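The values are calculated or read from the model by the stated rules, or taken from the named source; none is laboratory data. Quantities reported herein were computed from a predicted structural model and do not represent experimental measurements. Virtual Cβ from ideal backbone geometry, glycine too; neighbours counted across all protein chains shown. These accessible areas exclude ligands, DNA and RNA; they are computed on the full protein's heavy atoms, side chains included. Shrake-Rupley method; radii C 1.70, N 1.55, O 1.52, S 1.80 Å.
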Amino acid sequence: MSVRTRFAPSPTGYLHIGGVRTALFNWLFARHHGGQFLLRIDDTDADRNVAEALQPILDGFRWLGLEWDEGPEVDGPHAPYYQSRRGERYRDAVGRLLESGAAYRDYATSEEVEAEREEAQQAKRRFIYSRRFMAETDAQAAAFEAEGRRAVVRLRMPREGVCQFEDLVRGPVEFEWALEQDHVIQRVDGSPLYHLASSVDDHDFEITHVIRAVEHLSNTPRQMFITEALGYTPPRFAHLPYVAAPGSKEKLSKRKLDKYLQHHEFKRLHEQGAGIATALGVDVRPETFSPVVVDFYRQVGYDPEALVNYLLLLGWSLDDHTETFTRDEMVRSFSLERVNRAEASFDPQKLLAFQERRMQALAVDERVHKVLPFLEQTGLVATPVDEVKRARTRSVVEAAGDRIKVAGDILEYPEFFLDDDAFEYDAKAFAKRVAKEGAAPLLQQFRNRLRDLPEFGAAELEQALHAFVEAEGIKIGQIIHAVRVAVTGKGVGFGLFEGLAILGQGACLRRIDRALAQVSATES
């Protein structure tokens, strides 16, 4: 039988970085074995589903290149791939479990079950439901219903023996049946719960390997019980280490951004992204914009190959030195035998290093292709992009070099795309470099030197500045910083001479004139 894996997100929020790591391992395992990777939507919890959350999940997978063979928007022989549309199959399975005695109708109220739980706690013994409201016959059910009670359906778990299986990551595993609760598999309203729906779907979709996070390990006995009670062949299980928060052993969570921001590298990662997102007008609320969420990386301009390469190494390694893989190399090399059992720590600094290497490995034209959408989205470059603006973008990308770590970093240089009077001056830099005593006369003199240059390339500009410094008997810092602030509005940036050459002679003269006029207006 062909290998078939699945990933089953719930449309209750955005795509978590740990969930994507799990999906990636499923995708790689299926591709390595020439099998199929399925996407299933676990949307049985109507109260928690968010309709608009599904599309970002699908878009996120496509952005990462994790295309699915069957699932939403693809379909296939096992459709539908939404649990909310498979109610008849689940009701049929519940009927079979009731008929075989593997499940029962339970008419206890939640208060009565909780009272038993509290009684067990006070007696310092493990809580095991008494089943005293179990209806084994239609007559018993009718009697309970005459009291106004309504039934859930529970599994009738064994009270002795052990559940044993071979986990493909963790090795031999066993659970005592006596420690398992009689889990609810169908609500009062007839809707299914996770364990039942997942077990039925894995059978119906012919899933051969369930590869998931280790926190689901404790779910395996009840799912194996359901599977075997229905006469199905259980899939093979592999439980992956969880992704830990930076500098911690606790599981990475979407809800703990404030805590993670105490970690220096995580804070730096978040601040970098928030700056780009703010320029784009993106909602930067923590619940939607966080390095814990995959869409964060798409929005700020990470290369999906860099992110996938990093996620591959969260809990898996080929050897003690290989870190960079092409997609084909990932598929060829991946195996569950090389998955670690220990938690995998999320390292923002290492992720950024992967991204930097990836960005710098791209040809200049490829980097231009990645940054242009950010310029278009902010209106710095009109759509469609003309050749003049494309050439300007290429010059900025070349001059900025490794300062552009993610595609959104191009937004650090709006001064190269705005009109000469449209960019803002950094107030502190202007006061310190341009408006201070003695700076304006020097800037005026250098401006006249620039006006008379026959060639306006970076080499000619550098030569002109050094000649000016020597002729005036001043230090280079007395003029170079003033020029930068006057033409870019900022006190820092990539090479000044490259920047002046990109802007061109006319723009540089106009911008210096603007700065001098502002100084004059302040003094008068």
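For the range 367-524, the Kirkwood hydrodynamic radius comes to 16.2 Å, computed from all pairs of different C-alpha atoms. Quick one: of Lys350/Lys405; Lys251/Lys350; Lys389/Lys475; Lys405/Lys490, which pairs are farther than 25 Å apart, Cα to Cα? Pairs exceeding the cut-off: Lys389/Lys475. Shown in residue order for the range 297-311 are the 3J(HN,Hα) couplings computed by the Karplus curve 6.51 cos²θ - 1.76 cosθ + 1.60 at θ = phi - 60°: 6, 5, 5, 8, x, 5, 7, x, 5, 5, 5, 4, 4, 5, 4 Hz (x for Gly and Pro).
Summed over the residues of the range 80-170 and divided among them, the accessible surface reaches 59 Å² per residue at a probe radius of 1.4 Å. Compute the long axis of helix 364-377 from its Cα atoms, compare it with the longest principal axis of the Cα atoms of the chain, and write down the angle in degrees, 0 to 90, nearest 10. Value to nearest ten degrees: 80. For the range 71-211, just say rounded, prolate or oblate: build the C-alpha gyration tensor, square-root its eigenvalues into a ≥ b ≥ c, call rounded for a/c under 1.5, and beyond that prolate if a/b exceeds b/c, oblate if not. It is oblate, given that a/c is not under 1.5 and a/b is not larger than b/c. Translational D (Stokes-Einstein, µm²/s) of the range 413-462 at 4 °C and 1.567 mPa s when Rh comes from the Kirkwood sum over C-alpha pairs? The calculation lands on 100 µm²/s. The calculated Kirkwood hydrodynamic radius for the chain is 27.5 Å, given to one decimal from all distinct C-alpha pairs.
Dividing the mean sequence gap of close Cα pairs (under 8 Å, 6+ apart) by how many residues the chain holds gives a relative contact order of 12 percent. Using a simple spin-label model with pseudo-atoms 7 Å out from Cα toward Cβ, Arg125 and Gln478 lie 9.3 nm apart.
Peptides 100-112, 189-201 ordered by packing proxy, namely the average of other Cβ atoms within 10 Å per residue, highest first: 189-201, 100-112. For the range 330-420, what log10 I(q)/I(0) values come out of the Debye formula at q = 0.11, 0.25 1/Å, with one point per alpha carbon and no solvent? With one equal scatterer per Cα and no solvent, log10 I(q)/I(0) is -0.44, -1.28. Computed from label points 7 Å out along Cα-Cβ, the spacing between Arg159 and Ala471 is 10.2 nm.
The accessible surface of the range 376-524, taken with every protein chain in place and a 1.4 Å probe, is 49 percent carbon and sulfur. Among 483-490, 120-127, 264-271, the peptide with the highest mean count of other Cβ atoms within 10 Å heads the list, and the full ranking is 483-490, 264-271, 120-127.
For the range 171-238, the solvent-accessible area with a 1.4 angstrom probe is 36 square angstrom per residue.
When restricted to Cα atoms, the range 170-301 yields an Rg and a Dmax of 20.1, 58 Å, respectively. The trypsin sites (Lys or Arg not before Pro) of the range 190-248 include none that meets both conditions, a loop assignment by DSSP and at most 10 other Cβ atoms within 10 Å of the site Cβ. Accessible surface for the range 330-448, divided over its residues, is 52 Å² per residue with a 1.4 Å probe. Computed from the alpha carbon atoms alone, the convex hull of the range 1-101 holds 132 Å³ per residue. Size check on the range 377-419: the Cα extents along the three principal axes, sorted descending, read 26, 18, 18 Å. Computed from label points 7 Å out along Cα-Cβ, the spacing between Arg91 and Glu52 is 3.3 nm. Counting protein heavy atoms only, the range 143-222 has 49 percent of its accessible area on carbon and sulfur, 1.4 angstrom probe.
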